[in-house]
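Q: Attaching a single structure in structure tokens format; questions to follow.
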Amino acid sequence: MWCRAVVFFAVVAGGALLDCDGGRHRARSSDTTARDDPEAADPQASVARAGWPALRAARPAELCVTSGAIRPVDWWGFAVDHPMTRAVLTAMTTPAAALRFRYDGPTADSAPLDSGELRRQIGLKLRSQDGCNVVYVMWTIEPSPRLWVTVKQNPGKQAYAECGANGYRNIKPHRSAPVPALTDGGWHVLRADLRGTALEVVVDGILAWEGSLDQSVLSFDGPVGLRTDNGRFTVEFYASATPGAAPPPSPGSLPARCASAEGD
């Protein structure tokens, strides 16, 4: 009964839903046609997790792109080909999100990190309050395949001009598994679920990272989002099927308007 209710929500909302059995329910409208996607039923490509909240595909219009650009390719999918793209959902949800994506190769231009390192990567943003306070779950393609969980925290600061590249710390997992190397043309899924300070990350259906963040991450809050660096991707972004289920946002945790901002 619960699953049917969630499916009904997704259809009414006009989105796509990954249900409890891993199947995809696509709502079609009179002016859009979902693309033919034979890989959608592949269990390894499913965003759903048994016993975990269902996630809904967010339309490109539901994302606030603060850096770079996204280009819609169908009703809820989009392409990224900018060397630095950052976006957050325009609604508060629980801190659980997923990307179903295909790596399409390097971008034409490159943008090294502030450290000078050139990374090609894609990942999720959780509790993304602003450019100075955010939790990252990043899947690095180059220089080597690796999963990073990183907290960027700068109390009292909001804009990148105030904090720059300060406040980053990488979190060690309690247990982890290696992630596959990404090659052009293959579809993959990255999902992260944050409950309090407990974080689990699933890659292509396999638990790849499990651990705890420290209590200080509860001092800031914000929507979920995504980040890419120096890679071209075709992406579907998934967030909670129940917007507003998260605790009331703290002041400033949602963008008052969608505006460009220097990269985080």
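Each reported figure results from applying straightforward, stated rules to the coordinates on display, with no laboratory input. Model, not experiment: these values are computed from the prediction. Don't worry about glycine lacking a Cβ; one is built from the backbone with ideal geometry, like all the others, and counts go over all protein chains shown.
Q: At q = 0.13 Å⁻¹, what log₁₀ I(q)/I(0) does segment 53-157 have when each alpha carbon counts as one equal point scatterer in the Debye sum?
A: -0.52
Q: Roughly how big is segment 57-240's charge dipole about its Cα centre, with Cβ charges of +1 (Lys, Arg) and -1 (Asp, Glu), in debye to the nearest 20? Don't skip to the end; give the middle numbers.
A: Working: 19 positive and 19 negative charges, 48 e Å.
That gives segment 57-240 a dipole magnitude of about 240 debye.
Q: Gain in length, L207 to S144, computed as 0.36 nm per residue apart minus the alpha-carbon separation, to one decimal in nm?
A: Working: separation 63, 0.36 × 63 = 22.68 nm, distance 1.94 nm.
Net length gain for the segment: 20.7 nm.
Q: Regarding segment 126-176, what are the three Cα extents along the principal axes, ordered largest first, in Å?
A: 33, 24, 15
Q: Net charge around R191, counting only other residues with Cβ within less than 11 Å of its Cβ (Lys, Arg = +1; Asp, Glu = -1)? Intermediate values should be presented prior to the final figure.
A: Numbers: positive: R49, R100; negative: D193, E200, D204.
Here the charged neighbours net out to -1.
Q: Sticking with this structure for a sec: In segment 57-240, if the dipole is taken from +1 on Lys/Arg beta carbons and -1 on Asp/Glu beta carbons about the Cα centre, which of T107, G186, A159 is farthest to the positive end?
A: A159
Q: I've got another one for you. Please compute the contact order of segment 55-125 in relative form: average sequence separation of alpha-carbon pairs under 8 Å and at least six residues apart, divided by the residue count, as a percent. It would help to have the intermediate numbers written out before the result.
A: On the way: 77 pairs, mean separation 18.8, N = 71.
Computed value for segment 55-125: 27 percent relative contact order.
Q: Continuing with the same structure: Straight distance only, please: which lysines reach the Cα of K172 with their own Cα at less than 22 Å, same-chain residues fewer than 8 apart left out?
A: By straight Cα distance, K172 reaches K125, K152.
Q: If we sort 85-94, 187-196, 162-171 on the protection proxy, mean other Cβ atoms within 10 Å, highest first, what's the order?
A: On the way: 85-94: 22.0, 187-196: 19.6, 162-171: 14.1.
Put in order of decreasing packing, that is 85-94, 187-196, 162-171.
Q: Indicate the gyration tensor shape class of segment 57-240 (rounded, prolate or oblate), computed on the Cα atoms with a ≥ b ≥ c the square roots of the eigenvalues: a/c under 1.5 is rounded; otherwise a/b larger than b/c is prolate and the rest oblate.
A: Values: a/c = 1.26, a/b = 1.19, b/c = 1.07.
Rounded.
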